[in-house]
1. Go through the range 227-286 and report how many residues are exposed (fewer than 14 other Cβ atoms within 10 Å of the Cβ), at pLDDT 90 or above and at positive phi.
2. Considering only the range 254-301, how many residues are out of contact with any strand residue (DSSP E or B) (no Cβ under 7 Å at 6 or more places or on another chain) and not basic (Lys, Arg)?
3. For the range 1-19, which residues satisfy the criterion of being of a type in the set (A, V, I, L, M, F, W, C) and either at pLDDT below 90 or under 16 Å from Arg66 (Cα atoms) (or both)?
4. Could you tell me whether the range 83-91 includes any residue that is part of a helix (DSSP H, G or I), in contact (Cβ under 8 Å) with a residue 40 or more places away in the chain, of a type outside the set (A, V, I, L, M, F, W, C) and surrounded by fewer than 19 Cβ atoms within 10 Å (Cβ to Cβ)?
5. Of these, Val157, Val122, Val132, which one is touching a residue at least 12 places away in the same chain (Cβ under 8 Å) and closer than 23 Å to Ala68 by Cα?
6. Filter the range 203-216 for residues that are outside any loop (DSSP other than H, G, I, E, B) and surrounded by 19 or more Cβ atoms within 10 Å (Cβ to Cβ) and give the result.
7. Quick one: count up the residues across the range 22-53 that are in a loop (DSSP other than H, G, I, E, B) and among the aliphatic types (A, V, I, L, M).
Amino acid sequence: MTLNQLRSFLAVADGGSVRAAAEELVVTQAAVSASIAALQKSLGVALVTPDGRGLRLTDAGASYARYARRILGLLDEAGRAAAAAADPERGELRLAAVTTAAEQIVPGILGGFRQQHPHTGVRLEAGNRDRVRSLLDRHQVDLVLTGRPEPGWDVVVHAVRAHELVVVAAPELASAARAGGGEDADATAGAEPAGLLPWLARQTWLLREPGSGTRASTDALLADLDITPLTLMVGSNVAIRESAQVGLGVTLLSRDAVAAELTGGKLAEIPVPATPLHRDWYLIARPGPLPPPAAKLVAHALRADGFRRLDAADRTASE
């Protein structure tokens with residue numbers, strides 16, 4: 001087994017074909033095919049199988065891919081750790097954050113961090129909850145800023161920061177909500193029964209994609225309210241915020257994401273039962289010592305950005 005074989009195999013796993021892998025790695029298709037064949041021969045199992053014009057992973061291949069990603073991630077991590085030990089100020093901070101935190105929280109943290117450590121490189125990845133978990137598990141990042149870690153995820157919480165999720169809509173829709181779907185509601189309300197919950201059930205709810213923590217919280221809220229409204233999936237917080245402003249529907253978003261719009265009157269909060277939802281941002285890492293750049297970011301966040309150490313109450317709530 002060689003590193004080139006592992007990289008070729010993972011490129012095929014991601015791209016679904018030898019051609020796509022060759023384009024990604026900037027090598028010939030013959031080189032990719034030879035690497036895959038040699039890797040399968042050395043392991044004595046089939047890792048890929050034909051699938052139309054491409055390839056798909058066998059069960060053995062899917063299992064092997066998980067370990068291969070960790071192996072390559074660890075090798076990359078080892079090189080960065082050596083470089084950081086040789087010159088701590090010239091290391092690289094590798095951070096991933098869920099979309100809301102990446103848009104609203106991380107810029108403020110990194111601004112102060114870069115002022116204190118101008119020679120430290122920064123690599124930031126943003127995505128939904130599933131994406132950032134995958135990056136940490138594969139050793140492709142050192143720190144993750146996300147919602148509460150799922151039970152059984154082997155991570156260490158280094159800091160927490162409070163935030164709230166609120167239901168918002170365009171001011172005219174929020175006014176109709178406060179009227180409870182009565183005379184001040186829009187003309188489409190018709191003879192529907194008065195009250196906030198029936199009104200909410202008639203609205204379009206703007207949702208993030210599956211895998212998003214905000215989406216999971218919205219699904220849970222709708223279940224708690226026992227309503228099944230029409231939904232519209234929108235691909236980012238920014239798009240959801242803009243859609244809500246022009247009256248396309250109501251949505252549940254982090255207060256951090258809509259603070260300016262609430263202050264400026266472009267959005268208004270709807271007093272939905274059980275909201276605001278009180279949540280925390282968690283700054284987490286794999287068990288073990290943090291690389292110097294990551295340790296410095298944690299220290300900076302605890303000093304200047306509203307984060308605090310995990311206390312006993314937090315630990316009880318997260319279990």
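The values are calculated or read from the model by the stated rules, or taken from the named source; none is laboratory data. Everything numeric here is computed off the predicted structure, so don't read it as measured data. Here Cβ is always computed from backbone atoms with ideal geometry, including for glycine, and neighbour counts include all displayed protein chains. Just so you know, the surface numbers come from the protein's heavy atoms only, side chains and all, with ligands and any DNA or RNA stripped out. Shrake-Rupley method; radii C 1.70, N 1.55, O 1.52, S 1.80 Å.
1. 1
2. 18
3. Met1, Leu3, Leu6, Phe9, Leu10, Ala11, Val12, Ala13, listed by residue number.
4. Yes, some residue in the range 83-91 is part of a helix (DSSP H, G or I), in contact (Cβ under 8 Å) with a residue 40 or more places away in the chain, of a type outside the set (A, V, I, L, M, F, W, C) and surrounded by fewer than 19 Cβ atoms within 10 Å (Cβ to Cβ).
5. One residue alone meets the criteria, Val132.
6. Those that are outside any loop (DSSP other than H, G, I, E, B) and surrounded by 19 or more Cβ atoms within 10 Å (Cβ to Cβ): Trp205, Leu206, Leu207, Gly213, Thr214.
7. Qualifying residue count for the region: 5.
Table: residues versus (1) farther than 25 Å from Gly127 by Cβ; (2) free of Cβ contacts under 8 Å to residues at least 24 places away in the same chain.
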position	(1), (2)
Ser212	no, no
Asp224	yes, no
Met233	no, no
Glu242	no, yes
Gly247	yes, no
Gly264	yes, yes
